[in-house]
Each structure stands twice: as structure tokens, then as C-alpha cells.
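See below for the structure under consideration.
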Amino acid sequence: MTNDELYAGYLVADWSKVWLGAWSELFNLHDPWTADTDVLPTSLSLPRSFARAAGQTLHRPVTVVVLGMLVAVVTGVVGRQLRAGATQEPATQRAEQPEQAAPATAERAPSSPLRLLSAATLLGLLLYPPLLRISNAVNVGIDYQVVARYSISLAPLIVLVVLLMTKDHPWFARVVATLATISVVSWSLTVW
């Protein structure tokens, strides 16, 4: 089968549909933990059915906790310590500098590199689907929705950024690790 035959149903016919598709991709959450349930068998025994029911939904708490914390960090709800730490000078520099009067105009404190990385990660997660859909239409001539599994490569970055932002709260890492472990085990039982 040639590519023309394979992608015949997805060829760009109307650019207004491409723009509408890109707009809808912007509001569709492409989280890395969304499961593809089409690969699961339909007839299962009772214990496997219970495992499947849990496996299909346990990724949602991971999504809410990790992406929720990322949004909280970017919006400034969490991370006040980073901003406060960025405005403080190290003790050695304060000891070497003579006492000076405070300047009349307050300078804006530099943003934390970790906070900048968290904002870039969130923007990347939100903007790559519409941009990828437009890119596919321009470069390949096909228009098809972006699937959530494309975000899998972002999962380690998202989790690492969130854990670095919450390093002063070790309980958060335990919650994420517990949810992720339960989710993986239940998903494995689902496939079994």
C-alpha cells in the first residue's frame, strides 16, 4: 500500500478545518499518562475486569497532581521561596559590601531558572499539539488529530521539574511515586 492510499482519508481538503483542528488541539489535554485502551481485550475474567477498571482511570490522579503542581508553580501559587531566594544575596557578598543606603527605586528581582523552565515546559505541552497539526498539514498534507502518546517524551521533564520545584516538600515526591506505582501495577494487571 502506498502512502497516497494509506493517508487518502486524512488529506487536507479545507484549510478552515485545519485551523479549527489546531484550535481544538489547544484545548485538548495531551497529558503523557493518557492510556490507549483500544489495545485491551474486550472479554476478561472478573478479577481482570476489576484490574482493567482501575488501570484505565488511575493515570488521572497522576495527571492532576503533576500537571496541577506545574500550573501552580508557573502561576506563582507555589514557589514563593524561589522568588525570595532569588532576591537574597549570599552571606559572603553581604559581609564584603559596605553598608549602603537602599536605592530609591526598587529593582525587579531576576526570575528563577527553574521557574522559567517550568513555564517553558507548560507552554511546550500546551502549544506543541496545535503547532504539530499545522506542521503536518503544511509539510505532509495530512490533517489528523494529535494523539496523547506523543507527549510521552515530555513526561520525565515534567516530573523532574515538578519534583525540583517541590524539593522542600518530600511528601509530595512520595505521593507522586505512590500514585505512579499503583498506576503502573494496575495497568500491567489490565494487560495481563
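The values are calculated or read from the model by the stated rules, or taken from the named source; none is laboratory data. Treat the numbers as computed from the prediction; the structure is a model and nothing was measured. Quick reminder, even Gly has a Cβ in these numbers, built from the backbone with ideal geometry, and neighbours come from all protein chains shown. Only protein heavy atoms, including side chains, enter the accessible area calculation; ligands, DNA and RNA are left aside. Shrake-Rupley method; radii C 1.70, N 1.55, O 1.52, S 1.80 Å.
For this structure, a couple of remarks:
- The order of the peptides 12-19, 25-32 by mean Cβ neighbours within 10 Å, most packed first, is 25-32, 12-19.
- Between the amide H of residue 11 and those of 143, distances stay under 5 Å, these residues lying 5 or more places away or on another chain, with hydrogens modeled in the peptide plane.
- With protein chains left intact and a 1.4 Å probe, residues in segment 131-173 average 59 Å² of accessible area per residue.
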